[in-house]
Amino acid sequence: MEQFRVADRLALLERAGEHILFNPGRVNPIYFPRGGEEALTLLQRLREAGPLTRQAPDLCPPDLFDFFVAHGLLVPTASPVTVGGACRCQPGAGLAPARSLYLLLTHACNQACLYCLNGRSTYHEAPVLVMSAAVARDALRTVCESIAADGRMEVVFFGGEPLLNWPLAKEAIAYCEEVLKPAHPGQTFHYHLTTNLTLFPDDLVALARRHAISFLVDIDGPAELHDRIRPLKASARHGSSFRKSAEHIGRLRDAGLEISLRATVTSHNHDRLPEVAQTHRALGGSGSAFVPLNAVDSDEWIMPLDLCPDPALYAQGLREVYRERIWPVTSLFPFNEYLTRLRPNHQPGLGCGAPYGNTPVITADGRIFSCIYLVGIERFALGELARNDFPRPAVTAQMQAIAANPTRPECVDCDYRQLCGGGCPVGKFIIADNPHATPAIRRYTQDVVCATSKTVLTELLWDQAQGDISQQARGDFRGQR
């Protein structure tokens, strides 16, 4: 008869007499609106009793025993001891089911953001690099041929500011529609524009409607805050960058197009996140995303520590935005990302495509990097179009080893390690082997990832337990709690 034991580790959330209990190695939480203390006491007795079988009603009623087994609190004694780890990677072989191709249409930009990640050396500010149609076509064809016959290709127009080279974006779309689609009829194509939207070509609306282009625009707060963080360059026409972006967001919205809005979280706005989210909603965006500052630029120079957000204030801001129900959970990043993991017995993996070569970034001169945040860092270069060597296996293997290391001390004893997957691995990549990384920056890089995961998952677990998640997904808000 099969024997069981209490899981090596049990995670417990407690709030006002309510409890959530789960096995961090096999997450299938149990919510106790009451009686959680009795369950914990019983599990402790079962742990002390040693190996157990279902036929032990004097210790635990059979139906309750089965309930504990189903939720992973009781596990077979023959199963291996749970080993703490941040995530588990199982890279697939062959063609990718999907890839997001980022085209740096130009390395130039008309804004002078305080936190710009485009280093002068690697982004070549003088002279400015501008992508040619030949490079764009080679990139589109190369990546398209690396995707399965029934796969999905997302083309992301990026920069610099991509609208400074809008004619090339139109040529790229035409090449996909007229050449690649007929050659790969089973593949689906999607077009996306990440832009500050201070520019507005005359035919932008018409093309966006025709090809269902999606938009992502950075708005870091209300006008005075946004203009301070993301001013226009002196060489651009003077004026408020917020006013220009807001006007153009309105034009897209009035045309029936959806625009996602994002805020980069720095020390300038880390204590104003609800206000930022309300600004996004007032502008007519379709959702809000909050992304903490990446601490290293493309030249591998470290951002000033006093520009980085305080992880505690950032976490508090996320919590306030979520609890105020400014957005449905499905329209609020990173909550919507973590929500997809709250399924019974979720298997951990990387929530990032970079280590698999699934987010290639093509620079204007045809070099390929693994992530927009890693452009210019040679050890993460995935290839060159001229050499036809995308993706370089040694680079993807190196990234997987860094991101999926199951023995990281900060993750081994964390109750959320299976749901978190180690968080966004970009911080680990940019810090690895960086001689300029100070202990303070290394600490920030780890702390801000943990602040994100623990804050978001705690809020989601409580609301899922109490049935609030489905209400939010429908937009059925209860108002501020």
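The values are calculated or read from the model by the stated rules, or taken from the named source; none is laboratory data. Note that the coordinates shown come from a computational prediction; the quantities given were computed from them, not determined experimentally. All Cβ positions, even for glycine, are placed from backbone atoms using ideal geometry, and neighbour counts span all protein chains on display. These accessible areas exclude ligands, DNA and RNA; they are computed on the full protein's heavy atoms, side chains included. Shrake-Rupley method; radii C 1.70, N 1.55, O 1.52, S 1.80 Å.
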Count - residues of the range 410-438 that are open to solvent by 30 Å² or more (accessible area, probe 1.4 Å), more than 15 Å from the chain's Cα centre (by Cα) and either within 18 Å of residue 309 (Cβ to Cβ) or β-branched (Val, Ile, Thr) (or both): 2
Whichever residue in the range 333-363 is within 23 Å of residue 138 (Cβ to Cβ) and open to solvent by 10 Å² or more (accessible area, probe 1.4 Å) and, among such residues, is modelled with the lowest pLDDT: 353
Every pair of residues 6+ apart whose Cβ atoms lie under 9 Å, when the first sits in the range 285-300 and is closer than 15 Å to residue 429 by Cβ and of a type in the set (A, V, I, L, M, F, W, C) while the second is at pLDDT below 95 and assigned to a loop (DSSP other than H, G, I, E, B): 295/303; 295/437; 296/117; 296/303; 296/377; 296/434; 296/436; 296/437
Residue pairs meeting the criteria (Cβ under 7 Å; at least 6 apart or on separate chains; first within 12 Å of residue 37 (Cα to Cα), in the range 13-26; second basic (Lys, Arg) and open to solvent by 30 Å² or more (accessible area, probe 1.4 Å)): 17/34
Subset of the range 35-48 (residues that are out of contact with any helix residue (DSSP H, G or I) (no Cβ under 9 Å at 6 or more places or on another chain) and either at pLDDT 90 or above or surrounded by 14 or more Cβ atoms within 10 Å (Cβ to Cβ) (or both)): 36, 37, 38, 40, 41, 44, 45, 47, 48
Enumerated helices (runs of 4 or more DSSP H) restricted to the range 114-212, each holding at least 1 residues that are of a type in the set (Lys, Arg) and in contact with a Gly (Cβ under 8 Å, 6 or more places away or on another chain): 204-211
Neighbours by Cβ (under 6 Å, 6+ apart or cross-chain): first from the range 267-280, within 20 Å of residue 114 (Cα to Cα); second assigned to a helix (DSSP H, G or I) and of a type in the set (Ser, Thr, Tyr): 270/314
Residue 309 surrounded by 21 or more Cβ atoms within 10 Å (Cβ to Cβ) and over 26 Å from residue 464 (Cα atoms): yes
Hey, residue 115 within 30 Å of residue 267 (Cβ to Cβ), touching a His at 6+ places or on another chain (Cβ under 6 Å) and open to solvent by less than 70 Å² (accessible area, probe 1.4 Å) or not: no
Scope the range 118-155; condition of a type in the set (Val, Ile, Thr), in contact with a helix residue (DSSP H, G or I) (Cβ under 7 Å, 6 or more places away or on another chain) and open to solvent by less than 40 Å² (accessible area, probe 1.4 Å); matching residues: 135, 142, 155
